[in-house]
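Asker: Below: one structure in structure tokens.
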């Protein structure tokens with residue numbers, strides 16, 4: 001009961017005080033970049049990065065001055081906190097271009113979903129990317145049943161269904177053998193959790209104001225493989 005009261009009180013503070021302040025602190029909310037244009041920018045940026053031709057845009061003092069007045073990112077990226085996964089670098093973007101949410105295993109729990117809500121609803125980004133990556137330690141820990149402390153166990157709990165699904169689709173494989181498939185399934189599971197637990201994301205998607213796509217980043221090559229929209233998007237929106 002104490003935890004419940006604390007949660008309710010914290011949510012009330014967030015809704016009543018913090019979010020209105022954040023909303024008014026972003027006068028340029030909504031970059032005006034369409035879903036298709038945003039996705040094209042990310043694909044082109046990753047292409048430059050892979051080829052060693054990064055332009056490193058929006059990384060000067062002029063950009064600092066522009067974004068000090070407000071932010072209008074053209075895409076929201078939910079990805080892993082792995083130190084080798086740096087969205088602004090691998091997509092060749094700069095300050096204020098991406099609204100990035102990073103957490104081990106790119107899971108979608110309350111903190112991540114609330115942050116994504118802010119990036120899409122209040123900042124107006126029309127593209128949401130949920131991106132996993134090869135050799136993900138969080139997915140590997142779940143697949144191999146690693147002995148971790150309770151905090152980590154609670155954090156990676158949402159990955160369990162992805163591992164189970166990957167196993168069932170791959171002749172009951174388990175352990176390290178199922179990790180590559182589980183990484184992809186984990187992207188879908190995170191998208192499902194976003195749809196299930198965020199009325200904001202459902203409303204924006206149904207209204208044609210937001211599209212969500214999955215992706216997997218290859219640590220060895222730097223290339224992002226695009227998975228597209230969830231195959232059962234319409235099912236999860238109802």
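The values are calculated or read from the model by the stated rules, or taken from the named source; none is laboratory data. Given the structure is predicted, the values throughout are model-derived calculations rather than measurements. Cβ sites come from the backbone with ideal geometry, for glycine too, and all protein chains shown count toward neighbours.
Asker: Going residue by residue through segment 144-153, is there one that turns out to be assigned to a helix (DSSP H, G or I) and either crowded, with 20+ Cβ neighbours inside 10 Å or touching a helix residue (DSSP H, G or I) at 6+ places or on another chain (Cβ under 8 Å) (or both)?
Answerer: At the first step, the residues of segment 144-153 found to be assigned to a helix (DSSP H, G or I) are 150-153.
Now restrict to residues that are either crowded, with 20+ Cβ neighbours inside 10 Å or touching a helix residue (DSSP H, G or I) at 6+ places or on another chain (Cβ under 8 Å) (or both): 152.
Looking for residues that are assigned to a helix (DSSP H, G or I) and either crowded, with 20+ Cβ neighbours inside 10 Å or touching a helix residue (DSSP H, G or I) at 6+ places or on another chain (Cβ under 8 Å) (or both), one finds at least one in segment 144-153, hence yes.
Asker: Now, a different point. Condition first: without any contact (Cβ under 8 Å) to a residue 12 or more places away in the chain and in a helix (DSSP H, G or I). Now tell me which residues in segment 197-231 satisfy that.
Answerer: Residues satisfying the conditions are 199, 203.
Asker: Which condition from (1) assigned to a loop (DSSP other than H, G, I, E, B); (2) modelled with pLDDT under 95 is the one that residue 234 breaks?
Answerer: (1)
Asker: Among the listed residues 135, 186, which satisfies the condition of being surrounded by fewer than 17 Cβ atoms within 10 Å (Cβ to Cβ) and within 26 Å of residue 49 (Cα to Cα)?
Answerer: Answer to the selection: 135.
Asker: Pull out all pairs, ordered by first then second residue, where Cβ-Cβ is under 7 Å, the residues are six or more apart or on different chains, the first lies in segment 104-120 and is crowded, with 18+ Cβ neighbours inside 10 Å, and the second is outside any loop (DSSP other than H, G, I, E, B) and at pLDDT below 95.
Answerer: Qualifying pairs under 7 Å: 118/22.
Asker: May I ask you to list the residues in segment 154-170 that are touching a helix residue (DSSP H, G or I) at 6+ places or on another chain (Cβ under 8 Å) and outside any loop (DSSP other than H, G, I, E, B)?
Answerer: 155, 156, 158, 159, 160, 161, 162, 163, 165, 166, 167, 169
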